[in-house]
Amino acid sequence: MQPRPESQSFEPTIGLMGGLTGLAMLAGGVSPALAQTAATPAEPAAPGNLTVPELNVQGEGRASYRRDSDAVVRLPTTIAETPQSISVVPRELMQEQAVSSVREALRNVTGISLAAGEGGFSGDNLTLRGFSSRGDFFIDGIRDAGQYTRDPFFMDSIQVLKGPSSISFGRGSTGGVINQTTRLAREGNFGDMTLSAYSSGGVRATGDINLQAGNIAVRSQFMGSRIDVAGRDHVYQSRYGVAPSITWGLGGPTQVTLSYLHMEEENVPDLGVPYRNGRPLNVPRNTFYGVSSQDRERTVTDVVTLRAQHQLNDAITLRNTTRYGSYWRELNATAPRIATTTSTGAAYNALTTPLSQLLIRREPQVRTGYDSILVNQTEALLNLRTGPFTHRALVGFEIGRESSEVVRYSFGTNTNGRPNASALNPDYYAETPFIRGTASDIRTVANTLALYFVDQIRLNEMFELQLGGRWDRFEADYVNRAATTNNRFSRTDEAFSWRTALVFQPTSRIRTYFAAGTSFNPSAESLTLAANNANTPPERNITFELGGSYEVLDGLRLTGSVFRIEKTNARTSDPSGNVQVLDGVTRVDGVEIGIQGRPLPNWNVYASYSYLNSEIIRSNNAAERGREFANVAPNTASLWTTYDLPYGFQLGGGINYMDRRFGNTTNTVRVPSYVRYDLAAAWAPTEGPFRNLRFQVNALNVTNARTYETVYTAHTVPGPGRTVVMSVSTRF
């Protein structure tokens, strides 16, 4: 029922899987119309032979959501072989759910909570296993540093690697990383297009065309989208993008791929509703406190990547990747806050005033910014034998330069640039004087130098050992060009991260592991410094994880893990209150289970559940001690399932459960739990005049449940109401 599943795209991953699964399929005589589906882990290669993981290839069959044989970026293993919790959201699943953003796709991954923009940041933001992952987005293994709303139109899958992963990705990654794998030019001539209409108002069109001539292939994906958010007055998301790529050297030992991503968006940003008495303000869901003449968000994203890979022999493959990314943004948003004075300036009790008389202060959040990144990675993939042991290893060198510029604006002290609004009847078309000055003008430049290695050692038929380490040098220079004193800071940190895991595989169906690893968070992790943290060393994190997988049935895989992540020297304010010191301790203990695959030939299932117990163990702020982390739901669960019926019909549906979350670390504001239900139906006739078409209907949030998408200290954003999406797709 789904559009043609696609083989692994050319990613910077392992061995010949480092973007060359398409080549392997070509060499094996597989036509481009054939697809990769679930597969058992590959047997280790014989000494001196470099092989790709075994693929189970079939015709135009329906995908089973399994990506076991996909390579893991920056590691010498496949998904199934990696001793770490990894959730993969495949393209097929996103298409069935009519997903239009990476945020929506990540609903399928438990242990994640979406967050509102904070600290002057905008765009995608989330917590993963309890820790902020705002800076832990990657595209094919290279940091995706921009502050924008990511769209999956050019993606093959979204890999979520959970737990500290600094050995592969450098700074950050306390809770894990989100790696977006792309669809690049490959062998074959094919294409598809999809057009969708939304009941809330709006349309979306996507396309994907690949052409091959000899050993050269070109490919391009495109997207145009303008969607009103159901149940939220005046809020919409509009963007378009293109992602062309060209590959030289198909079928040979050397391949070079040049790719480009360009995306622009113009949205009405939504900062939701404020809290009252520690709970979201109880107003109708459609209540929006923005202002027509002001609230806009614009971004322009450009990412250029050049990737070259050469197989020296059966044991050694080299690859080099260079990327330049440019991210421009402009944000003018209204943050709603409970007003403590009337329109005449008289004070009143905002907690007891009737809702009909309550006023909302419209606090402007206005800033412009520009981020850039230039990175070069050189890696060697090795397949070696030392005595009785076989090694699949990755050794790499990375050098990069990042910059961030942001200008924040200030407004008049009396009106904040915008008039107060009625809590129940805000005037969206209110006149607003646009008077502003520069509050700060910050530029930060950071340089990264890193060496890393990971070695997966097969000890015997039942045991494997993974060893990995990475040394990072990270230096940052910060200047506030709008300030005249105390406006320059710099910091240089050097850190070593490690990871080790022991794998025990007693049978071909059962694979277990115990892993431990570290990560680090420097003060300038998000390319910002301040007087209170410029002299503060990096935080250190350690994780312990016991996990495994069980092939319950052919095609159905059960995974699970128990883990602890501890920040052993968390930042906390010095008792003097002037600087941050590393006296804190925070911890998350968790359990996670998941099941993916096909219990029956026509039945697909993708489900998971996570339990997170977060606690601030030690802090110099007494109000935080013993409290839960902000924006961490103790329980999250997700289910998506489809069943293929005769004559090309398919029915599907899903459930998402999000437990209550606190908006701050003192746990004084709370967002309630919710359950969301989705339904889908599709028809892809196999004969007749419509045989190349697929018709699909999705009903999102069927019960029109009151959900809260993102959480912040001072406000929370309601999720969209019931939305019906009607789509038609074609393949050629």
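Quick notes on this structure:
- Cβ-Cβ under 6 Å pairs, at least 6 apart or on other chains, region 152-175 side on the phi > 0 side of the Ramachandran plot, far side surrounded by 24 or more Cβ atoms within 10 Å (Cβ to Cβ) and β-branched (Val, Ile, Thr): GLY163/THR543
- Near pairs, Cβ below 6 angstrom, 6+ apart or cross-chain, from region 695-718 (at positive phi) to any residue that is part of a loop (DSSP other than H, G, I, E, B) and charged (D, E, K, R): ASN701/ARG722; ASN704/ARG722
- Residues of region 437-492 that are polar (S, T, N, Q), within 20 Å of PRO537 (Cβ to Cβ) and touching a residue at least 40 places away in the same chain (Cβ under 8 Å): THR444, ASN447, THR448, SER490.
- Test: residue in region 321-328 that is modelled with pLDDT of 95 or more and in contact with a His (Cβ under 9 Å, 6 or more places away or on another chain): no
- Filter pass, ALA623 being in contact (Cβ under 8 Å) with a residue 60 or more places away in the chain and more than 30 Å from LEU679 (Cβ to Cβ): no
- Any hit, region 188-200, residues being in contact (Cβ under 8 Å) with a residue 60 or more places away in the chain, in contact with a strand residue (DSSP E or B) (Cβ under 7 Å, 6 or more places away or on another chain), crowded, with 22+ Cβ neighbours inside 10 Å and more than 20 Å from ARG91 (Cα to Cα): yes
- Against the conditions (1) crowded, with 24+ Cβ neighbours inside 10 Å; (2) out of contact with any Ser or Thr (no Cβ under 7 Å at 6 or more places or on another chain); (3) within 15 Å of GLY176 (Cβ to Cβ), VAL102 satisfies every one except (1).
- Strands (runs of 3 or more DSSP E) lying entirely in region 133-222 (those with 2 or more residues that are out of contact with any Asp or Glu (no Cβ under 8 Å at 6 or more places or on another chain)): 155-162, 190-198, 202-213
- Subset of region 515-542 [of a type in the set (A, V, I, L, M, F, W, C) and without any contact (Cβ under 8 Å) to a residue 60 or more places away in the chain]: ALA516, ALA530, ALA531, ALA534
- Single residue of VAL72, VAL102 found to be at pLDDT 90 or above and within 26 Å of VAL717 (Cα to Cα): VAL102
- In the condition set (1) within 28 Å of ARG564 (Cα to Cα); (2) buried (at least 18 other Cβ atoms within 10 Å of the Cβ), ARG618 is compliant with all but (2).
- So ASN376, is it free of Cβ contacts under 8 Å to residues at least 60 places away in the same chain and under 28 Å from GLY249 (Cβ atoms): yes
- Pairing residues of region 493-512 that are assigned to a strand (DSSP E or B) with residues that are buried (at least 19 other Cβ atoms within 10 Å of the Cβ) and among the charged types (D, E, K, R), at Cβ distances under 6 Å and at least 6 apart in sequence or on separate chains, gives ALA495/ASP472; SER497/ARG470; VAL503/GLU464; GLN505/ARG511.
- Some residue of region 576-590 being within 24 Å of the chain's Cα centre (by Cα), in a strand (DSSP E or B) and surrounded by fewer than 17 Cβ atoms within 10 Å (Cβ to Cβ): yes
Here's the yes/no breakdown for (1) buried (at least 24 other Cβ atoms within 10 Å of the Cβ); (2) closer than 19 Å to ALA682 by Cβ:
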| position | (1), (2) |
| --- | --- |
| ARG74 | yes, no |
| SER87 | yes, no |
| ARG91 | yes, yes |
| LEU106 | no, no |
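- Some residue of region 346-363 being aromatic (Phe, Trp, Tyr) and free of Cβ contacts under 8 Å to residues at least 40 places away in the same chain: yes
- Inter-residue pairs, beta-carbon under 6 Å, first of a type in the set (Ser, Thr, Tyr) and in region 209-225, second surrounded by fewer than 18 Cβ atoms within 10 Å (Cβ to Cβ), 6+ apart: SER220/ILE209
- Reported count of residues in region 243-265, each being free of Cβ contacts under 8 Å to residues at least 60 places away in the same chain and either over 20 Å from the mean Cα position of the chain (by Cα) or not in a strand (DSSP E or B) (or both), is 8.
- Matching residues, region 678-694, being surrounded by fewer than 16 Cβ atoms within 10 Å (Cβ to Cβ) and within 14 Å of GLY652 (Cβ to Cβ): LEU679
- Pair list, Cβ < 8 Å and 6+ apart or interchain, from region 567-582 residues that are free of Cβ contacts under 8 Å to residues at least 12 places away in the same chain and farther than 18 Å from PHE489 by Cα to residues that are in a strand (DSSP E or B) and β-branched (Val, Ile, Thr): none
- Of all residues in region 664-701 being within 24 Å of the chain's Cα centre (by Cα) and among the polar types (S, T, N, Q), the one that is nearest to SER113 (Cα to Cα): SER673
- Residue within region 593-602 that is touching a strand residue (DSSP E or B) at 6+ places or on another chain (Cβ under 6 Å), within 26 Å of HIS715 (Cβ to Cβ) and either in contact (Cβ under 8 Å) with a residue 40 or more places away in the chain or not small (Gly, Ala, Ser) (or both) present: no
- Residues (part of a strand (DSSP E or B) and farther than 17 Å from GLN377 by Cβ) located in region 453-472: ASP455, GLN456, ILE457, ARG458, PHE463, GLU464, LEU465, GLN466, LEU467
- Being of a type in the set (A, V, I, L, M) and surrounded by fewer than 21 Cβ atoms within 10 Å (Cβ to Cβ) is true of ILE316.
The values are calculated or read from the model by the stated rules, or taken from the named source; none is laboratory data. What you see is a predicted model, and the numbers here were worked out from it, not measured in a lab. Cβ: placed from backbone, ideal geometry, glycine included. Neighbour counts: every protein chain shown.
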